[in-house]
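Readers should treat all values here as calculations from the given coordinates under stated rules, not as data from a laboratory. Since the model is a prediction, treat every value here as computed from it, not as a measurement. FYI the Cβ positions are ideal-geometry reconstructions off the backbone, even for glycines, and counts take in every protein chain you see.
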2 protein chains.
Amino acid sequence: MRAFLIIGNKAVTKPFNLNDLAGGAGRMDILCRFVAQALFVSHGIRKDVEVYLLLLGKPDPPKTIKIVGSEVKTMAPDERNIAGLIRRALKVKCDKDWKESTSGIYISKKGLKDLLDELSKRYKIVYLRENGNDIRSFVGKVDDCLFVLGDHLGLKREQEEVVLSFADGIVSVSPISLQADQCVVILHYELDRLTS
Amino acid sequence: MRAFLIIGNKAVTKPFNLNDLAGGAGRMDILCRFVAQALFVSHGIRKDVEVYLLLLGKPDPPKTIKIVGSEVKTMAPDERNIAGLIRRALKVKCDKDWKESTSGIYISKKGLKDLLDELSKRYKIVYLRENGNDIRSFVGKVDDCLFVLGDHLGLKREQEEVVLSFADGIVSVSPISLQADQCVVILHYELDRLTS
């Protein structure tokens, strides 16, 4: 299994306008592309992937969305389609337990620490940071990892401290600074070369 | 310089509804993601990149859009923003010469052969196909390449014949079948490792 978590510092926690993902929805476009690149291959969805979105924007943070590749039934890779499914999840009244909104998509009120508490029982936690260890020297050692990435703002100091308290490794994927969804493509690529 | 061309077999050749990129606009979402992944890094645009979109959908094919990274001024990486700029280009009455619609974005009535005739004077032409040579064995040899990719339908036989008549190489980027934008991320990644 492979899992990916993005921390959306501005991503809103209520239903939003699908025509304004990059503005009013708090850069929800970044999270949508992250989901697309984590889940989709040509003409299909990776069944061995889970995606986690931590939404920390107004008005009711934190909310966490979980998307399970093996359970998702109706998703297309375009931003608007994925945003529509996130929007439906945000209509669900939720608490600390996962509640399913549509097939394979769940929402809860978990924050970063609660989420990592849960996921560190199933995954090694790997933090993606620009000055981390080169993925090529690390990739042979990874199996059942949760990769943690920041959005366009990166991780705040207190978020980083939480992640580091769980982290089994700090990894970098490129000599230049990339967007979160691009990092996900590269992680998949390096792992696929090992396992395919 | 790096250049990327995608052949959009269904991408419409008239202004389209921004709320229906994946449907009525003929999978324009694929072309938008392609542009985003070719041009954007974290907090910026690659100045050494050109992107070409060959639109072959109704009602007035072919039309080709050229996007020059060093000249683009107002572009964000979300699909809707890029689609809006493509839509503006499609409002321009065009012929075989390039006409600028917004900063760094040009449109013409060039078809595949005309386009490759022009670009093969400046670039080596590299065709991306699943059974091509592994990018890792090829990447050290590439410089000033135009990478040619298909959309979700791939290249038709007659398109492939045209591309192969210009091609300096056939390359594959992954052991599994990926989307065009994901291939672009991987191409950049492998090239960045050589040059950064």
Enumerate the residues in the range A:36-65 having an amide nitrogen under 16 Å from the point lying 7 Å beyond the Cα of B:H152 toward its Cβ. A:36-37, A:39-46
Expected-Rg normalisation [2.2 N^0.38 Å, Cα atoms] applied to the range A:94-196: 1.14
Check which residues have an amide H placed less than 5 Å from B:A11's amide H, if you skip close sequence neighbours. B:L56, B:G57
Using only Cα atoms, what Kirkwood radius does the range A:2-195 have, in angstroms? 16.5 Å
P(r) of the protein assembly as shown over all Cα-Cα pairs, 10 Å bins starting at 0, rounded to whole percent, reads 5, 24, 33, 24, 11, 2, 0
Can you flag which of A:K14/B:K47; A:K47/A:K124; A:K14/B:K14; A:K99/A:K121 are past 29 Å Cα-Cα? A:K14/B:K47; A:K14/B:K14
In a Gaussian network model over chain A where Cα atoms closer than 10 Å are linked, find which of A:A22, A:A11, A:A89 has the largest mean-square fluctuation. A:A22
Could you identify which residue out of A:K109, A:K91, A:K156 has the top mean-square fluctuation in a GNM of chain A using Cα springs shorter than 10 Å? A:K156
Computed about the Cα centre, the charge dipole of the protein assembly as shown from +1 Lys/Arg and -1 Asp/Glu charges at the Cβ has a magnitude in debye, to the nearest 20, of 1040 debye
Mind checking which of B:D151, B:D29, B:D20 has the largest fluctuation in a GNM of chain B, springs on alpha carbons under 10 Å? B:D20
What whole number of Å gives the distance from the Cα centroid of the range A:23-71 to the Cα centroid of the range B:69-120? 31 Å
For the range A:172-191 and the range B:140-196, what is the centre-to-centre distance using only Cα atoms, to the nearest Å? 18 Å
What is the range A:142-190 by shape, rounded, prolate or oblate, if you read a ≥ b ≥ c off the alpha carbon gyration tensor as root eigenvalues and call it rounded for a/c under 1.5, prolate for a/b larger than b/c, and oblate otherwise? oblate
Among bridges DSSP assigns within chain B, what percent are antiparallel (round to 5)? 40 percent
Given H placed on each backbone N at 1.01 Å, which residues far from A:G169 in sequence or on other chains put an amide H within less than 5 Å of it? A:Y127
Scan around A:R27 for amide H atoms under 5 Å from its own, H built in the peptide plane at 1.01 Å from N, and keep only partners 5 or more places away or cross-chain. none
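Determine, for B:V148, B:V126, B:V72, the number of other Cβ atoms within 10 Å of each Cβ, and report the residues in order from fewest to most.
B:V72, B:V126, B:V148
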Output the DSSP H helices from chain B with an along-axis C-alpha extent of no less than 18 Å and a mean Kyte-Doolittle hydropathy no less than -0.5. B:180-195
Pairwise label distance in nanometres, A:V41 with B:K93, each label 7 Å out on the Cα-Cβ vector: 4.9 nm
Debye equation applied to the C-alpha atoms of the range A:1-55, log10 I(q)/I(0) at 0.16, 0.19 Å⁻¹: -0.51, -0.67
How big, on average over all directions, is the shadow cast by the Cα convex hull of the range B:1-102, in nm²? 5.8 nm²
The residues B:V68, B:V35, A:V12, sorted from fewest to most surrounding Cβ atoms within 10 Å, come out as B:V68, A:V12, B:V35
